[in-house]
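S.K.: Starting off with a structure, shown below.
The values are calculated or read from the model by the stated rules, or taken from the named source; none is laboratory data. No experiment lies behind these values; they were computed from the predicted model shown. Counting neighbours? That spans all protein chains shown, and the Cβs are built from the backbone with ideal geometry, glycine included. For accessibility, only protein heavy atoms count, side chains too; no ligands or nucleic acids. Shrake-Rupley method; radii C 1.70, N 1.55, O 1.52, S 1.80 Å.
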Amino acid sequence: MSSSDLGETLRVTDFLAAARDADTGAVTASVFSSTTAPAPIGLLLDVDGPVASPVTRTVRPEIIDALIALAGAGWPVIFNTGRSDEFIRAEVLKPMLAAGIPAGMTFHAICEKGATWFSFTSEGATEVHVDETLALPQEFGDEVRRLVEEQFADHMFFDETKRAMVSIEQRVDVGNQDYLDRQGPFDAAVLDIMRHFDMGVCRLAHHLPDSDDSVDYRVDPTIISTDIESVRVGKDLGAERALRLIDGDIPHTWRTVGDSRTDYAMADYLHEHGYSVAHVDVRPADGVPEKPYPVLIEGELTNDDAGAAFLLRCAETAVSRA
């Protein structure tokens with residue numbers, strides 16, 4: 001489905017009925033039923049976009065409050081992000097602790113698209129687990145850092161907090177279009193470095209195998225960053241790890257929330273493994289793919305405006321009917 005077709009295909013549906021209508025792929029608005037009491041629903045959340053503003057890179061207080069309320073109502077709340085554990089601690093955990101995480105409540109964070117993960121409670125964060133088999137060579141990371149410092153530092157910075165991926169990000173004092181104008185040349189320079197290191201790589205539809213005709217790495221451009229990563233990481237790997245982290249019963253019904261096409265992999269994984277799922281797309285104008293499960297939107301709202309509307313509605317309903 002193209003973005004130009006989106007306005008002609010929207011229909012409003014009962015939010016909870018989406019779970020019962022998992023064989024449809026309709027794009028819908030996320031409206032709750034006024035009569036059906038919801039069972040706990042699992043939340044698998046991308047961070048940039050639906051939770052953290054892509055402009056300020058911070059999380060608004062009402063989203064923090066909604067996440068705590070949902071966890072208090074028994075909904076598993078799991079972050080599934082390309083961000084580092086340090087970013088989650090600074091921009092999610094810290095404001096949650098300030099707002100007051102009740103004792104006995106646990107949140108999980110899958111970071112770097114499944115390469116690292118940890119949990120946190122009112123007492124703080126657990127140890128960060130790192131899948132070292134997914135880490136990029138340090139020498140390659142050093143070359144990318146040098147590239148940024150010498151040629152691109154006026155538009156982007158090297159993310160020193162990543163443990164497995166290599167990432168650069170738009171500077172907050174730079175306009176997004178100015179950054180995007182420089183992202184293409186940066187990505188091209190990265191591909192040259194990867195050829196030098198004989199690292200088989202893909203970027204979107206472009207494939208450059210290594211000397212063994214293998215492609216083990218991916219260059220993934222987003223609206224505010226470029227991630228260089230193992231092809232084995234992804235939001236589907238994050239979803240797999242998320243299910244393993246849940247103590248007790250795993251909900252049958254899930255909502256995944258994201259702002260990019262790669263975020264659909266969360267819902268794809270859950271659907272393929274027999275869970276009832278609907279995906280909330282907070283930037284549908286980028287194009288909504290055909291899916292065997294419902295896709296929900298928040299009207300004309302996007303990014304964390306849409307994320308806040310969705311999460312606040314979930315929290316209000318979950319708490320009132322708990």
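S.K.: Within the range 175-185, is there a residue that is within 23 Å of the chain's Cα centre (by Cα), at pLDDT below 95 and of a type in the set (S, T, N, Q)?
M.R.: To start, the set of residues in the range 175-185 that are within 23 Å of the chain's Cα centre (by Cα) comprises 175-177, 179-180, 183-184.
With the extra rule that they be at pLDDT below 95, the set shrinks to none.
There is no residue in the range 175-185 that is within 23 Å of the chain's Cα centre (by Cα), at pLDDT below 95 and of a type in the set (S, T, N, Q).
S.K.: Could you run through the range 146-180 and say how many residues are open to solvent by 20 Å² or more (accessible area, probe 1.4 Å) and over 25 Å from THR58 (Cβ atoms)?
M.R.: Summing the residues that are open to solvent by 20 Å² or more (accessible area, probe 1.4 Å) and over 25 Å from THR58 (Cβ atoms) in the range 146-180 gives 4.
S.K.: While we're on this one: Looking at ARG241, ARG321, ARG283, which one is closer than 30 Å to GLN177 by Cα and among the basic types (Lys, Arg)? Steps first, answer last, please.
M.R.: Values: ARG241 fails: closer than 30 Å to GLN177 by Cα; ARG321 fails: closer than 30 Å to GLN177 by Cα.
Answer to the check: ARG283.
S.K.: Can I ask one more? Residue by residue through the range 133-153, note down the ones that are assigned to a loop (DSSP other than H, G, I, E, B) and touching an Asp or Glu at 6+ places or on another chain (Cβ under 9 Å). First the steps, then the outcome.
M.R.: First pass over the range 133-153, keeping only residues assigned to a loop (DSSP other than H, G, I, E, B): 135-137, 153.
Correct list: LEU136 only.
S.K.: Under 9 Å between Cβ atoms, which residue pairs at least 6 apart in sequence (or on different chains) link something in the range 308-319 that is basic (Lys, Arg) with a partner that is at pLDDT below 95 and open to solvent by 10 Å² or more (accessible area, probe 1.4 Å)?
M.R.: Sorted first by the residue in the range 308-319, then by its partner, the pairs are ARG313/VAL31; ARG313/PHE32.
S.K.: How do the pairs read when you match residues in the range 41-54 that are part of a loop (DSSP other than H, G, I, E, B) with residues anywhere that are open to solvent by less than 10 Å² (accessible area, probe 1.4 Å) and among the acidic types (Asp, Glu), using Cβ under 8 Å and keeping only pairs 6 or more apart or on different chains?
M.R.: From the range 41-54, the pairs are ASP46/ASP263.
S.K.: Hey, ALA205 hits all of (1) over 19 Å from ASP48 (Cβ atoms); (2) touching a residue at least 12 places away in the same chain (Cβ under 8 Å); (3) within 24 Å of the chain's Cα centre (by Cα) but one; which does it fall short on?
M.R.: (2)
S.K.: Could you grab me the full set of residues in the range 95-112 that are within 22 Å of MET165 (Cβ to Cβ) and either open to solvent by 10 Å² or more (accessible area, probe 1.4 Å) or among the polar types (S, T, N, Q) (or both)?
M.R.: Result: HIS108, single match.
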